[in-house]
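The values are calculated or read from the model by the stated rules, or taken from the named source; none is laboratory data. Since the structure is predicted, the reported quantities are computational estimates derived from the model, not experimental observations. Here the Cβ positions follow ideal geometry from the backbone for every residue, glycine too, while neighbour counts run over all protein chains shown. Heavy atoms of the whole protein, side chains included, go into the accessibility calculation; ligands, DNA and RNA do not. Shrake-Rupley method; radii C 1.70, N 1.55, O 1.52, S 1.80 Å.
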Amino acid sequence: MTAPIETTGAAAGAQPEAVLDEGIKSQEIVGRSLGRIAWIRFKRDRVAVVGGVVVVLLILIAALSRPLQSLLDLDPNAFHQDLIDSNTSLPKGGFGGMSLDHPLGVEPKFGRDILARILEGSWVSLVVAFGATVLSNVIGTILGVVAGYYGGRVDSVISRLMDTFLAFPLLLFAIAISATLQGGAFGLDGLPLHICVLIFVIGFFNWPYLGRIVRGQTLALREREFVDASRGMGAGGPYILFRELLPNLVGPIIVYSTLLIPTNIIFEASLSFLGVGIQPPQASWGGMLNQAVDYFQIDPQYMVVPGLAIFVTVLAFNLLGDGLRDALDPRSR
């Protein structure tokens, strides 16, 4: 026989319910939303946090590139022939002409400041990458959720459309369109035309990748209880698509967007490197690499700087995307 449990003090005469209530009042219960849980998980990933910090800094630098150039008295198109050796067309001094006035050196032949051109090229790359990503997301999300929800013939038509776009040789097609529209089109010319053409070409032909992801997620979500409940209450297709399904697709769309932006940055740099993207004298990272090809053996500084700018930007976005994917995936640890 076990000995009875003795209680002392106020707890001895109290009812079990009173003791339980007192314990609940003494410890406050704080609920956590899904967003807060994802944020806590994201903060634990130090690599992703570093990537996120770098991405924020890059966005700020791109947004403030013109004020920074004015503050530092930099002009991306100003020639400094006095800093160029007339015999070799190379910058005077070591490390590509690095100095206090030109921390990253100057380019060969013309002597334009590399730091100024990096700052000027940053906003071009990010505007094209973000614009193309938004266009891909809009088209891919709408067609993907419609295909996944309605199924049947609608799904078949949209899926075949995705396969058709995926079969396009995108790089060759982008080169052809960009080269054709260089002179002027749609009432635009110069830099605005080049940026719009790049956003359209890159964004319009990249939407099937997101479309397939959204379609697959929608196929799983349309069988869930909350969708059945909405149907039972008389909700129509558009209401279910935009009020029930799309909010549950925000996570995958955000993750894919952070991984698509660096791909678009590389695509824009590739087109500019090939001479059918951003045209001189406008600075662009791909254009700087193109001009550095003739000098990389004798002046590697001119190629290393824009190459590092592309590398750091792409790496930061990829690290951020990986961290967001782990934070928003409830099955990851």
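Asp82: at negative phi, charged (D, E, K, R) and out of contact with any Ser or Thr (no Cβ under 8 Å at 6 or more places or on another chain), yes or no? Against the criterion (at negative phi, charged (D, E, K, R) and out of contact with any Ser or Thr (no Cβ under 8 Å at 6 or more places or on another chain)), Asp82 qualifies. Please state which one of Ile265, Ile278, Ile253 is β-branched (Val, Ile, Thr), modelled with pLDDT of 85 or more and either in contact with a Gly (Cβ under 8 Å, 6 or more places away or on another chain) or more than 30 Å from Ile40 (Cα to Cα) (or both). The unique qualifying residue is Ile278.
Answer yes if at least one residue in segment 19-29 is part of a helix (DSSP H, G or I), touching a helix residue (DSSP H, G or I) at 6+ places or on another chain (Cβ under 7 Å) and at pLDDT 80 or above, and no otherwise. Scanning segment 19-29 turns up no residue that is part of a helix (DSSP H, G or I), touching a helix residue (DSSP H, G or I) at 6+ places or on another chain (Cβ under 7 Å) and at pLDDT 80 or above. Pairing each residue of segment 207-232 that is surrounded by fewer than 16 Cβ atoms within 10 Å (Cβ to Cβ) with any residue that is part of a helix (DSSP H, G or I), provided the two are 6+ apart or on different chains, yields C-beta distances under 6 Å for Leu219/Gly148. The sole residue among Leu315, Leu259 that is in contact (Cβ under 8 Å) with a residue 60 or more places away in the chain, part of a helix (DSSP H, G or I) and surrounded by fewer than 16 Cβ atoms within 10 Å (Cβ to Cβ) is Leu315. Any residue at all in segment 243-256 that's within 30 Å of Gly190 (Cβ to Cβ), open to solvent by less than 40 Å² (accessible area, probe 1.4 Å) and not polar (S, T, N, Q)? The answer is no; no qualifying residue exists. Considering only residues in segment 284-312 that are modelled with pLDDT under 90 and in a loop (DSSP other than H, G, I, E, B), the one that is surrounded by the most Cβ atoms within 10 Å (Cβ to Cβ) turns out to be Asp299. For segment 59-75, a tally of residues being touching a residue at least 40 places away in the same chain (Cβ under 8 Å), of a type in the set (A, V, I, L, M), within 20 Å of His102 (Cα to Cα) and part of a helix (DSSP H, G or I) returns 3.
Considering every residue within segment 191-199, establish whether at least one is touching a residue at least 12 places away in the same chain (Cβ under 8 Å), in contact with a helix residue (DSSP H, G or I) (Cβ under 9 Å, 6 or more places away or on another chain) and open to solvent by 70 Å² or more (accessible area, probe 1.4 Å). No, the conditions are met nowhere in segment 191-199.
Would you say Phe204 is among the hydrophobic types (A, V, I, L, M, F, W, C), modelled with pLDDT of 85 or more and within 30 Å of Ile175 (Cβ to Cβ)? Spelling it out, Phe204 is indeed among the hydrophobic types (A, V, I, L, M, F, W, C), modelled with pLDDT of 85 or more and within 30 Å of Ile175 (Cβ to Cβ).
Against the conditions (1) modelled with pLDDT under 85; (2) in a helix (DSSP H, G or I), Phe168 satisfies every one except (2). When Ala174 is tested against (1) open to solvent by less than 40 Å² (accessible area, probe 1.4 Å); (2) modelled with pLDDT of 90 or more; (3) under 27 Å from the mean Cα position of the chain (by Cα), just one condition goes unmet, and that condition is (2).
Of Gly140, Gly151, Gly94, Gly105, all but one fail to be within 22 Å of Gly307 (Cβ to Cβ), open to solvent by less than 20 Å² (accessible area, probe 1.4 Å) and either hydrophobic (A, V, I, L, M, F, W, C) or at pLDDT below 95 (or both); the exception is Gly105. Taking segment 108-126 as the range and being touching a helix residue (DSSP H, G or I) at 6+ places or on another chain (Cβ under 6 Å) and open to solvent by 50 Å² or more (accessible area, probe 1.4 Å) as the test, only Trp123 passes.
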